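Worksheet: one structure, shown below.
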Amino acid sequence: MKFFDTHTHVNFTAFKDDQEATIKRALDSETWMINVGTQTDTSKSAVELTQKYPEGIFAAIGLHPVHTYQQMLDEEESHFESRAEKFDEKIYENMLTEKVVGMGECGLDYFRLPADQDAEKIKELQKAEFIKQIIFAKKHKLTLIVHCRDAYDNVLEILQKEYAGFPGVIHSFTDNWETAKKFLDVGFYVALNGILTFDKSGRLAQVVENTPLDRLLIETDAPYLTPPPYRGKRNEPAYVKYVAMKIAEIKKLDTEEVASKTFENGCELFRINPSQF
Ligand SMILES: [Zn+2]
């Protein structure tokens, strides 16, 4: 059974001591991955990983909305300082290779707006950096990986205006079916991760029920959002199978079918020819 973790961060420092072992565990369990960048340095480290492994490791490069301005972040499972960066086309152009398949993660994040700064200004800044990356994705035929928190309306508005008909995924989807449908309508795929396995609201189960299997992707967003039975520990790509199992349970399908279809979906959306790698 093959799995495709379409959004992970083995390129992050959380894996600095056992990055190779983590990747080996994934590849041994036939799990492919896209390591996703969040600013210049993590984008570069994602690309470097594709050069170390001949098969199954791809990269996305981009600037996460929370890194467009300076602030201290208190994440669920980590503490870090966000350094303000601007999206620099030249720097990102120099990273492009055939294994760089995605632009992102980019998007809007209104959840973590700092109390001591002008919220409207930060929103405008985030939108401007998001649009720059949309233009870059179109120009270089990259699939857009969109991060969105508390900003679904604004993200959809921008996509409808700037990106309709181009390939993309709304990653770590957490909203309801009504919103999911709007992303499907602009041609996007919907990606689910560990949140689905511990969502008590039933909202995401409904999204899974209603979204056709050929428009779903699975991901871990490791090191975050670890599903049971490893909840509380660091997440990793090999655990993406628990997301596939949950989708199978909700859709009343075999895990095998969910795994192989979401693997195919990942290859199709990111224009990967699986026999080539
Ligand atoms: Zn991420």
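Each reported figure results from applying straightforward, stated rules to the coordinates on display, with no laboratory input. These figures come from a predicted structure and were not determined experimentally. For neighbour counting, all protein chains shown are included, and Cβ atoms are generated from backbone atoms with ideal geometry for every residue, glycine included.
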Computed label-point distance, nm, for sites Ile195 and Ala119 using a 7 Å Cα→Cβ extension:
1.9
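Net charge near Asp175, counting Lys/Arg +1 and Asp/Glu -1 over other residues with Cβ under 13 Å of its Cβ?
Its environment carries a net charge of 0.
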What order, most packed first, do the peptides 224-234, 109-119, 256-266 have when packing is the mean number of other Cβ atoms within 10 Å of each residue?
256-266, 224-234, 109-119
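In the structure shown, do any of Lys123/Lys252; Lys200/Lys261; Lys139/Lys181; Lys138/Lys261; Lys141/Lys182 have a Cα-Cα gap over 31 Å, and if so which?
Lys123/Lys252
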Which shape class applies to segment 90-221: rounded if a/c is under 1.5, otherwise prolate when a/b exceeds b/c and oblate if not, where a ≥ b ≥ c are the square roots of the Cα gyration tensor eigenvalues?
oblate
Derived scalar couplings ³J(HN,Hα) [segment 198-214; Karplus, 6.51 cos²θ - 1.76 cosθ + 1.60; whole Hz; x for Gly, Pro]
10, 6, 8, 6, x, 5, 6, 4, 5, 4, 5, 4, 8, 7, x, 4, 6
Looks like segment 7-149, by Cα gyration tensor root eigenvalues a ≥ b ≥ c and the a/c under 1.5 rounded cutoff (else prolate when a/b is bigger than b/c, oblate otherwise), is oblate
Separation in nanometres of the label points that stand 7 Å from Cα toward Cβ, at Asp28 and Gln276:
3.0
With θ set to phi - 60° and the Karplus curve 6.51 cos²θ - 1.76 cosθ + 1.60, what are the ³J(HN,Hα) couplings of segment 230-241 in order, to the nearest whole Hz, using x for Gly and Pro?
9, 3, x, 9, 5, 7, 7, x, 4, 7, 5, 4
Helix-only [θ]222 nm of the chain, DSSP H runs n ≥ 4, -39500 (n - 2.57) each, per residue, nearest 500:
-11500 deg cm²/dmol
Grab the Cα-Cα distance for Lys52 and Leu184, subtract it from 0.36 nm times how many residues apart they are, and report the gain in nm with one decimal.
44.0 nm
Over its alpha-carbon atoms, the chain yields an Rg and a Dmax in Å of 17.2, 51
